[in-house]
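The values are calculated or read from the model by the stated rules, or taken from the named source; none is laboratory data. Values in this document were obtained by computation on a predicted structure and should not be read as measured data. All Cβ positions, glycine included, derive from the backbone under ideal geometry; neighbour counts span all protein chains shown. Side chains are part of the model used for accessible areas, which takes the heavy atoms of the whole protein and leaves out ligands, DNA and RNA. Shrake-Rupley method; radii C 1.70, N 1.55, O 1.52, S 1.80 Å.
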Amino acid sequence: MKLNFIERLITNNPLRAFVQRHIEGPAFRDMGSRDVYPLCMEIGCGRGVGAEIIITQFGAEKVVATDIDPEQIERARHKIAPELRDRVEFRVADAMALDEPADKFDAVFSFGVMHHMEDWRKAVKEVSRVLKTGGEFFFEEPFRLFLNNFFVKTFTEHPKGGEFDLDEFKKELTKNNLEIIRMKLIGKIAIRGVGRKMRSSNAKGNI
């Protein structure tokens, strides 16, 4: 779902960009198993900071950066550094139904986006589908406990279909052939980690 006014302020402000560039990006980089990831996708790209990080910190030659909100896509196209524009394709897309072939990307990134989905399980399934075998899914997501605290519920809007706890998230990744290779709990309220796709989405027996 699209962000409300408060969430747009949070997502599009310089502090959020600083955290992505200097905390989340390096943390993801330390968790990855490869030196470079040539072809990547970002779901929920917002103003485009994630796409910049994927190029500059992960060595991506090309990034397909998607968001369900056309206004955010336009903002990202204007904000991205000129020298990076040829390496990023910003596209309006629903992460629960990606218009991409299976087994395409070396990595998919979610900088705190799954909890905005009407059905986060569909997004996990799509992430697995578009990843190559051996490709990696980088994720940082808050748990149900965080989303249901008073402050978050009062000032932000999140669909019930985007709520999960640690066990639910881990089970869904396993169900979709994504093995967690690195994981860190952020207190009791969030998770950061990397899952590796273990076999093709078209492999016999895939659920």
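The table that follows gives values for the structure above.
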{"quantity": "So R29, is it among the charged types (D, E, K, R), in contact with a Gly (Cβ under 8 Å, 6 or more places away or on another chain) and within 19 Å of V113 (Cβ to Cβ)", "calculated": "no"}
{"quantity": "Filter result (open to solvent by less than 40 Å² (accessible area, probe 1.4 Å) and touching a residue at least 40 places away in the same chain (Cβ under 8 Å)) within the range 12-38", "calculated": "N12, Q20, E24, A27, F28, M31, G32, Y37"}
{"quantity": "Which numbered condition K2 fails, given (1) closer than 23 Å to R182 by Cβ; (2) touching a residue at least 60 places away in the same chain (Cβ under 8 Å)", "calculated": "(1)"}
{"quantity": "Output for the range 53-92, where each listed residue is in a loop (DSSP other than H, G, I, E, B) and closer than 27 Å to M31 by Cα", "calculated": "G59, A60, E61, I80, A81"}
{"quantity": "Complete set of residues in the range 166-181 that are acidic (D, E) and either closer than 13 Å to M114 by Cβ or out of contact with any helix residue (DSSP H, G or I) (no Cβ under 8 Å at 6 or more places or on another chain) (or both)", "calculated": "D167, E168, E172"}
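Residue-wise test of (1) out of contact with any strand residue (DSSP E or B) (no Cβ under 6 Å at 6 or more places or on another chain); (2) of a type in the set (A, V, I, L, M, F, W, C); (3) open to solvent by 50 Å² or more (accessible area, probe 1.4 Å).
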{"position": "A123", "(1), (2), (3)": "yes, yes, no"}
{"position": "V127", "(1), (2), (3)": "no, yes, no"}
{"position": "P142", "(1), (2), (3)": "no, no, no"}
{"position": "L145", "(1), (2), (3)": "yes, yes, yes"}
{"position": "F151", "(1), (2), (3)": "yes, yes, yes"}
{"position": "K160", "(1), (2), (3)": "yes, no, yes"}
{"position": "L166", "(1), (2), (3)": "yes, yes, no"}
{"position": "K188", "(1), (2), (3)": "yes, no, yes"}
{"position": "G195", "(1), (2), (3)": "no, no, no"}
